[in-house]
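A quick write-up on the structure given underneath.
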Amino acid sequence: MALSLTERVEVFRGRIFEFTRSSGLSTQIALALFGAAFIGLAAQIRIPLPFTPVPITGQTFAVLFLAILMGTRAGTLSSLFYVLFGGLGLPWFAGFKGGFAVLAGPTGGYLIGFILAALLVGYLCDHFAWARRLPGLIASLLVANFLVIHGLGILWLGAVTGTHSLSKLLLLGSLPFVPGDLLKIAFAASLGRLVLPSR
């Protein structure tokens, strides 16, 4: 009996899910290296803001989408490789920068947050069917973006700049990015639903 279009799509999603989660170590590393390069490209979509040292970039979208697409292992490794190799000097941070100075600078907390956010989103998508459906997926991305990435970002921003006022840190490192991040989350979730199985 021939499968319907909906069933074929679900089979396709299942195969992608199985491949990205169950492939061997060498394939996982290859996927992660590709993912790190994708984050590096997305980082060059950069809009500086005059009132904060933190620019708007495409990194957040890439980190969250790769976690959805690749899962816990390759998705987290993508962000880890991006941060590690960038810290070692590969110029693929925003503005084609690289080196430890970037990690130690005002945006370092966001970069570390990418790794933990990818781990969270990847784990939820891997293990819970509710996190692969659109409402749960959006909820997972909101937590990963605003609690993990923004949270670590403003904590580190405060340490680097010597700013101890939470309201000032939110104005410098979180609130200006909310509209753009909501759009990136919506885009990542929409694309994610194209590749994630519902079960």
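Quick rundown of the values:
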{"item": "Residue match in region 147-157 (condition: outside any helix (DSSP H, G or I) and either among the polar types (S, T, N, Q) or surrounded by fewer than 22 Cβ atoms within 10 Å (Cβ to Cβ) (or both))", "result": "no"}
{"item": "Criterion: open to solvent by 30 Å² or more (accessible area, probe 1.4 Å), in contact with an Asp or Glu (Cβ under 9 Å, 6 or more places away or on another chain), more than 16 Å from Ile115 (Cα to Cα) and not aliphatic (A, V, I, L, M) - qualifying residue of Arg8, Arg21, Arg15", "result": "Arg21"}
{"item": "Any chance Leu175 is surrounded by fewer than 16 Cβ atoms within 10 Å (Cβ to Cβ) and at pLDDT below 95", "result": "yes"}
{"item": "Cβ-Cβ under 7 Å pairs, at least 6 apart or on other chains, region 144-156 side under 14 Å from Ala188 (Cβ atoms), far side open to solvent by 30 Å² or more (accessible area, probe 1.4 Å) and among the aliphatic types (A, V, I, L, M)", "result": "Ala144/Leu120"}
{"item": "Region 30-50, subset touching a residue at least 40 places away in the same chain (Cβ under 8 Å) and not in a helix (DSSP H, G or I), residue nearest to Ala62 (Cα to Cα)", "result": "Gln44"}
{"item": "Which numbered condition Leu141 misses (of (1) open to solvent by 30 Å² or more (accessible area, probe 1.4 Å); (2) assigned to a helix (DSSP H, G or I))", "result": "(1)"}
{"item": "In region 66-91, the residues that are touching a helix residue (DSSP H, G or I) at 6+ places or on another chain (Cβ under 7 Å) and on the phi > 0 side of the Ramachandran plot", "result": "Gly71"}
{"item": "Residue check for Leu77: over 19 Å from Leu191 (Cβ atoms), out of contact with any strand residue (DSSP E or B) (no Cβ under 9 Å at 6 or more places or on another chain) and open to solvent by 70 Å² or more (accessible area, probe 1.4 Å)", "result": "no"}
{"item": "Selection status of Val63, crowded, with 21+ Cβ neighbours inside 10 Å, closer than 17 Å to Ile149 by Cβ and of a type in the set (Val, Ile, Thr)", "result": "yes"}
{"item": "Which numbered condition Leu88 misses (of (1) surrounded by 18 or more Cβ atoms within 10 Å (Cβ to Cβ); (2) at pLDDT 95 or above; (3) not small (Gly, Ala, Ser))", "result": "(1)"}
{"item": "Selection count where residues are surrounded by fewer than 19 Cβ atoms within 10 Å (Cβ to Cβ) and either without any contact (Cβ under 8 Å) to a residue 24 or more places away in the chain or of a type in the set (A, V, I, L, M, F, W, C) (or both), scope region 121-137", "result": "7"}
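The values are calculated or read from the model by the stated rules, or taken from the named source; none is laboratory data. As the structure is a computational prediction, the values presented were derived from the model and not from experiment. Please note: Cβ atoms are built from the backbone with ideal geometry, for glycine as well, and neighbour counts cover all protein chains shown. These area figures cover heavy atoms from the full protein model, side chains too; ligands, DNA and RNA do not enter into them. Shrake-Rupley method; radii C 1.70, N 1.55, O 1.52, S 1.80 Å.
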